[in-house]
Amino acid sequence: MGDTVESVMNQPSWVSKPFTAMSSTEWEMLCDGCAKCCLHKLEDQDTGEVFYTDVACQLLDLNSCQCSDYEDRFSQVPDCFKLTPENVGDQAWLPDTCAYKLLSEGLPLPLWHPLVSGHKESVHRAGISVQGRVLPEKSVNPDDMEDHIVNWVE
């Protein structure tokens, strides 16, 4: 049997709205704060396979897993990528746990996601975030990035 108008109206925005109908606040709230997208990634030029490293962007606060200068990140980090409702489906490099990726594939948010749990720290408690597992960019020689490839991101 189909959803009633009442049941659809009572659904959270991430269930009831397509990405393109979300406000910027609703869009931003989808981010679980794992900071996996803030890790340096390497791409195999032949296969296109993406490898995550344990090296964090220079702006990442390693404790909170938040950008230390979110508003000006693009001017400070030219490679920083702006994920949008229009381009999210094309980003194969997003980790499998990413809310944007999950929802774009029609999958539900996991129980540890802050929107589901109601707790900002749930992503850290579940061991999903990079908290306590990464190095600051300035401590790693760029020529040594391959030595920092990790397999715990997915």
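If you check ALA21 against the conditions, is it over 13 Å from the mean Cα position of the chain (by Cα), closer than 24 Å to ASN151 by Cα and not charged (D, E, K, R)?
So ALA21 does not fit the description; no.
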Take the residues of region 122-154 that are charged (D, E, K, R) and modelled with pLDDT of 95 or more: which is surrounded by the most Cβ atoms within 10 Å (Cβ to Cβ)? GLU137
Which residues, taken from region 111-121, are assigned to a loop (DSSP other than H, G, I, E, B), in contact with a helix residue (DSSP H, G or I) (Cβ under 7 Å, 6 or more places away or on another chain) and surrounded by 11 or more Cβ atoms within 10 Å (Cβ to Cβ)? TRP112, HIS113, LYS120
Cβ contacts < 6 Å: first residue more than 26 Å from ALA99 (Cβ to Cβ), restricted to region 125-154; second residue in a strand (DSSP E or B) and of a type in the set (S, T, N, Q), any location; separation 6+ or different chain. Result? MET145/THR53
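Only one of GLY89, GLY106 is outside any helix (DSSP H, G or I), exposed (fewer than 15 other Cβ atoms within 10 Å of the Cβ), of a type outside the set (Phe, Trp, Tyr) and at pLDDT below 95. Can you tell me which?
After applying the criteria, what remains is GLY106.
Here is a yes/no grid of residues against (1) at pLDDT 95 or above; (2) in contact with an Asp or Glu (Cβ under 8 Å, 6 or more places away or on another chain); (3) not in a loop (DSSP other than H, G, I, E, B):
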residue: ASP3; (1), (2), (3): no, no, no
residue: TRP14; (1), (2), (3): no, yes, yes
residue: THR20; (1), (2), (3): no, yes, yes
residue: THR25; (1), (2), (3): no, no, yes
residue: GLU28; (1), (2), (3): no, no, yes
residue: GLY33; (1), (2), (3): yes, no, no
residue: HIS40; (1), (2), (3): yes, yes, yes
residue: GLY48; (1), (2), (3): no, no, no
residue: ASP54; (1), (2), (3): yes, no, yes
When the residues of region 47-64 are filtered to those that are small (Gly, Ala, Ser) and out of contact with any Cys (no Cβ under 8 Å at 6 or more places or on another chain), which remaining residue is surrounded by the fewest Cβ atoms within 10 Å (Cβ to Cβ)? GLY48
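The values are calculated or read from the model by the stated rules, or taken from the named source; none is laboratory data. No experiment lies behind these values; they were computed from the predicted model shown. Counting neighbours? That spans all protein chains shown, and the Cβs are built from the backbone with ideal geometry, glycine included.
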